[in-house]
Every structure is written in C-alpha cells, then in structure tokens.
Amino acid sequence: MAETAAALNEQSAMIRQTAREFAEKEIKPIVMEYDESQEFPKELFSKLGGLGFLGITFPEEYGGAGLSPLESAIIIEELARVDPSTALGVAAHNGLCTNHIFLFAGEVQKKKYLPDLCSGKKLGGWGLTEVFSGSDAGGMRTVAVKEGNKWILNGSKNFITHGSVGETFVVLAVTDKTKQGAISAFLLEKGMPGFSVGKKENKLGMRSSDTCQLIFDNVRVPAENLIGSEGEGFKQALQILDGGRISIGALSVGLAQGALDASIKYAKERHQFGKTLSEFQGIQFKLADMAMEIEAARLLVYNAAEMKMRGENITLAAAQAKLFASETAVRAANEAVQIHGGYGFIKEFPVEKFYRDVKLLTIGEGTSEVQRMVIARNLLK
Ligand SMILES: Cc1cc2nc3c(=O)[nH]c(=O)nc-3n(C[C@H](O)[C@H](O)[C@H](O)COP(=O)(O)OP(=O)(O)OC[C@H]3O[C@@H](n4cnc5c(N)ncnc54)[C@H](O)[C@@H]3O)c2cc1C
C-alpha cells in the first residue's frame, strides 16, 4: 500500500494494523459472495463487535472501546479499503444511531441501549430520510402525537441502513405540525406493535449493506423514549450528520486507497507493447494524481476528526472533508477501472465493485450539492 504521510501515534498505528489485518483475513475472502447475494454478513458483524468496532468512540462504562474520532476514521478507512459495504454498516451503526443516543439521550436510556449496541448484540438504525424528503429532511411527514404517556407514531422512513437487521432505532418525527421544524427524536425497538419493515432495496453498490423502508402504523412509543426535549430532534440530527460526514469521508479515503492499491499492483503485472503498464508515463500520471488527491482527502478527514476530538465546531470541516473525499473516491474508482482496461469491468477484480460502491458516497449523509450548500452557508454567514 502507498503509505500515508499523516503521522500517527503508536496506539493509532496499532489500531490501523488490527483493522487492516481483520479486513484482509476476515472480510476479503467473502466480499464478492455477499455482494452477489445482497445478504447481510451477520457473523462478520458479531466479530466486529468482539473487536470493539461497533462501539468505537463510546466510553467503556457503556461497553464502548473508548477510542478517539481519529481512530474511528482509521478503522472505517481500513475496512473500506477492502469492503466499503461493511464500512458503511460500521459507520452508520456507530455514527448515527448509537451516537445519537450517546449524545442526546438521558442516562437511563443510555444504560439501557448502549451496551447492547456497543457489543454488537443489537444493531442500530437511524431514520431521517423519507420518500418525499431527502435533502430537504425538514420536510418530513412522519408524525408523533402525544396521547397520555405515549407518543403515537405514523408514517414511514426510506433507505434506512440496518432496516431489517437492526433492532434499535432512532426515528425523527414531526411533533407539532403548526410549527416549522418542530421535530423530535424517538427510540424505537423492533417488535413494537405497528412498527414493521417494508421493501428491502436492490442496489447498484454497497449491496451487502441492509437498506430498507420502515413503516409506522400507530406505533405507541412510551413517553420516556423521547430523546432529549420535544422539538430538538432536527438540531440533534444536524449535529449527528456533522460527525457522520467525517465517517463517510474516511470511508471514501479507504475506498480510494483500495482502488489505488489494486491499480498499482495491476499496472506492475500487466504487459502491453512489451512493457508493464507501470512503465507508461500516461499510467504513471494517473497513479500520481490518485495518490496526491487521496492524501489530501485523508488530511482533510483527519483534520476534521481531530477538531471533533478537541470539541470544536466541525460543521464546515466535516462538509469539506466529506465533499472532497467522496468526489476524490469517485475519480479514483473511475481511473482504477480505466487502468485495468476490460479486466476492470469484470467481477474477478476488486475495482469493479469499488466503481459500483463509490457512488453512494456523493449521495448518503448529504449529497455533494448539500455539502456545497453547507460550506457556502458557513462562508457567507
Ligand atoms: C444505500 C443508502 C443508505 C442510506 N442510509 C440512510 C440511513 O441509514 N438513514 C437515513 O435517514 N437516510 C439514509 N439514506 C438516505 C440518504 O441520506 C438520501 O438518499 C440523501 O440524503 C439524498 O436524498 P434523496 O435520495 O431523497 O435525494 P434528493 O434530495 O431528492 O436529491 C436529488 C438530487 O437533487 C439535488 N438537490 C436537492 N436539493 C437541492 C438544492 N437545494 N440545490 C441543489 N441540488 C439539490 C441533490 O443533491 C441530488 O443530486 C441512505 C441512502 C442510500 C442510497
């Protein structure tokens, strides 16, 4: 692997090594099997839980591994270098559902839900997006109406990672239709009457990641399952997305690095015109540009992770890191297929899958257009 220049301390370097070895040994051999079947790799996620990768940054008192945001980025990067789908599940479980509970739920809720999430005994999902509201998440139609000591939830959520395999969900719903942005967050458990899983999506990439619709038909949610205060859900969600964007940035860096590693290997092996591809300057320049952009993306992602670690506002840094890293990954995956020629188009070579998986990264957790809106808003405020 073309190594990063970013300096890591001893612990972070060891975590990178552990994640890399795990990905090479446990994930690489089964990647294409799960991609083809679109089955969720449950056993693999139990192993990830055993390593602490399903509770990466959460304190040990809740069963977490107590690692830093930078170490979280490194783990996601290393998993994505081998399988972006697995990395997506790890990023969503940690950064969306579990982090929402950790940052905003009360102590009783944290003690009840976090240990099972951090160990991987239960997987988490986070429901913001709906059929009619994606980028404009505030336009959601799912409603929660208070009735005594319960909230009655009606509506649906779309494209929810871990929709069918997850057991604990954070769901955003409108709690006052008369007020703009009066949205609240609720803790839902699989098995609550009226809470069901709809269509499982048949996807272009990230195929072993479980993406489903969630349906709420008069779900009676106990009042104590409200997360934080009524009406604060949207603000909470925006903060969760800031952190999530660092994870998607890290995933993008890992995917791009995987595409570059495969391209270097292939360019050294493949002969045309009596030379290896790596001897042609046209190919060398592609590799050089890929490596330079990936390193720049990595530094933006690590910088945002370190800002998070210091408790600074990360809205701008996370949007810039996610936008640059995801668009870098799209270019890297594209060039990797080009360098492989026809072999890049067939499933025996990993770049074929990178090329399919990568497109989610400029869409999920805020599209590239939304990141530009966030960046511009920060510049002009
Ligand atoms: C595999 C997968 C997993 C996902 N997991 C989750 C999950 O776990 N939880 C969850 O809540 N959601 C999840 N999502 C949803 C994801 O976050 C949304 O798809 C994304 O936010 C975009 O919303 P949309 O698909 O409705 O697109 P739209 O918002 O309809 O956007 C369509 C296009 O219009 C552009 N656009 C929209 N508004 C503007 C504007 N004002 N200016 C310029 N361009 C604009 C967009 O950038 C995009 O290019 C997932 C999606 C996928 C595909």
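How high is the relative contact order of region 234-380? Use alpha-carbon pairs under 8 Å, at least six apart in sequence, and give a whole percent. Result for region 234-380 is 32 percent. Rounded to the nearest 20 debye, the dipole magnitude of region 272-381 is 280 debye, with +1 charges on Lys and Arg beta carbons, -1 on Asp and Glu beta carbons, and the Cα centre as origin.
Accessible surface computed residue by residue for the chain, with neighbouring protein chains in place and a 1.4 Å probe, gives 44 Å² per residue.
Given R0 = 35 Å, the distance between the Cβ atoms of M373 and H271 translates into a calculated FRET efficiency of 0.15. Working from Cα pairs under 8 Å separated by at least six residues, relative contact order for the chain is 17 percent.
Ligands, DNA and RNA left out, the 1.4 Å accessible surface of the chain is 54% carbon and sulfur atoms.
Rg/Rh for region 124-232 stands at 0.96; both radii use Cα atoms, and Rh follows the Kirkwood definition.
Applying the criteria of a DSSP loop state and at most 11 other Cβ atoms within 10 Å to the chymotrypsin sites (Phe, Trp or Tyr not before Pro) of region 119-172 yields F132.
Over the Cα atoms of the chain, each weighted equally, I'd like the Debye log10 I(q)/I(0) at q = 0.08, 0.11, 0.15 Å⁻¹, rounded to two decimals. Each listed q maps to, in turn, -0.39, -0.74, -1.32.
Among beta bridges identified by DSSP and lying wholly in the chain, the antiparallel ones come to about 85 percent.
Note on region 234-380: the C-alpha convex hull projects to 9.5 nm² when averaged across all orientations. Between the listed residues Q11, W151, I246, the Cα displaced farthest toward the positive end of the dipole of the chain, a dipole computed from Cβ unit charges relative to the Cα centre, is found at W151. Applying a DSSP loop filter and a limit of 14 other Cβ atoms within 10 Å to the trypsin sites (Lys or Arg not before Pro) in region 75-174 leaves K121, R141.
Backbone phi angles across region 212-218, fed through the Karplus curve with coefficients 6.51, -1.76 and 1.60 (θ = phi - 60°), yield HN-Hα couplings of 9, 8, 10, 10, 10, 10, 6 Hz in residue order; Gly and Pro are listed as x. The dipole here belongs to the chain: it is taken about the Cα centre, uses +1 on the Cβ of Lys and Arg and -1 on the Cβ of Asp and Glu, and is about 660 debye. With all pairs of separate Cα atoms included, region 231-315 yields a Kirkwood hydrodynamic radius of 15.2 Å.
Eigenvalues of the alpha-carbon gyration tensor of region 1-75, scaled by 5 and square-rooted, set the equivalent ellipsoid semi-axes at 24, 18, 9 angstrom, largest first. Phi angles of region 60-73 translate, via the Karplus equation with coefficients 6.51, -1.76, 1.60 and θ = phi - 60°, into HN-Hα couplings of 4, 4, 9, x, x, 8, x, 8, 8, x, 5, 5, 4, 4 Hz per residue; Gly and Pro are given as x. Calculate the length of the line joining the C-alpha centroid of region 135-182 to that of region 351-370, in whole Å. Cα centroid to Cα centroid, the span is 26 Å. Computed over the alpha-carbon pairs of region 10-119, the distance histogram in 5 Å steps reads 2, 12, 24, 24, 17, 12, 6, 2, 0 percent, short to long.
The values are calculated or read from the model by the stated rules, or taken from the named source; none is laboratory data. Predicted model only: the values in this text are computed from it and were never measured. Please note: Cβ atoms are built from the backbone with ideal geometry, for glycine as well, and neighbour counts cover all protein chains shown. Ligands, DNA and RNA are excluded from the accessible area calculation, which covers all protein heavy atoms including side chains. Shrake-Rupley method; radii C 1.70, N 1.55, O 1.52, S 1.80 Å.
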